[in-house]
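One structure is given below, represented as structure tokens, and several questions about it will come after.
The values are calculated or read from the model by the stated rules, or taken from the named source; none is laboratory data. Please read all numbers here as calculations on a predicted model, not as lab measurements. Virtual Cβ from ideal backbone geometry, glycine too; neighbours counted across all protein chains shown.
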Amino acid sequence: MDYTQTNIAFRHLGIIQEISECHGLLCGLICTQETLSQETWLDHLFEEGADHPFLLAHAPSSDTAQAEWSILQQLYRETGIQIKDPEFSFRLLLPDDEQILAVRTQALADWCKGFLYGLGVGGMDSGQEAPQNVQEIVKDLIEISRAYRDDEEEDLEIDEASYFELSEYVRVGVILIYEELQTERDQQDGGRVLH
């Protein structure tokens, strides 16, 4: 998916968060919930009282609105497929390399913030007994989510190589979290006695 095109579509649909944060949220929800409905994700994207596109999708007001809604649906479908893909095709939705490093770093921090929120609202709270390696990755993601703030005037101490390593660490970490939580769910289901 194209970052800029998707971000514009989301803005036109009335979603105020950056697309990187929205994608992180979606991934966090996918990791924590065995089956994730599109409506659940949308409930977290729209402010209370706002028009919910899911309800409006059957009667889009224009071809443009239909195209934007299709982009949202495509992101939902593709992300679910990618994160579960054994070939590791999963990608973070972040700005292209042509964007300045500060923009990409902020987007990565926003992505992590959205992901952590998704884990939380998806049912993984900080007190949960998650596997040790999941806990360590979550701690790292918390630090990355704090990596850059628009309101800070401090010099950004990150270079291209560091950014690549961080984004790759996040990508692989998310796959690991998904697999660990899926294994945990499978074990819990296997331990249940069906009557």
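State yes or no: is Phe115 modelled with pLDDT of 95 or more and outside any helix (DSSP H, G or I)?
No; evaluated as a whole, the condition is false for this residue.
Yes or no: segment 166-182 includes at least one residue that is at pLDDT below 80 and among the small types (Gly, Ala, Ser).
No, segment 166-182 contains no residue that is at pLDDT below 80 and among the small types (Gly, Ala, Ser).
Could you check how many residues of segment 74-97 are surrounded by fewer than 14 Cβ atoms within 10 Å (Cβ to Cβ) and more than 13 Å from Asp2 (Cα to Cα)?
Qualifying residue count, segment 74-97: 7.
So, in segment 1-51, exactly how many residues are among the aromatic types (Phe, Trp, Tyr) and surrounded by fewer than 20 Cβ atoms within 10 Å (Cβ to Cβ)?
So the answer is 2.
Look through Asp63, Asp97 and report the one residue that is modelled with pLDDT under 80 and farther than 15 Å from Leu26 by Cβ.
None of the others qualify; the one that does is Asp63.
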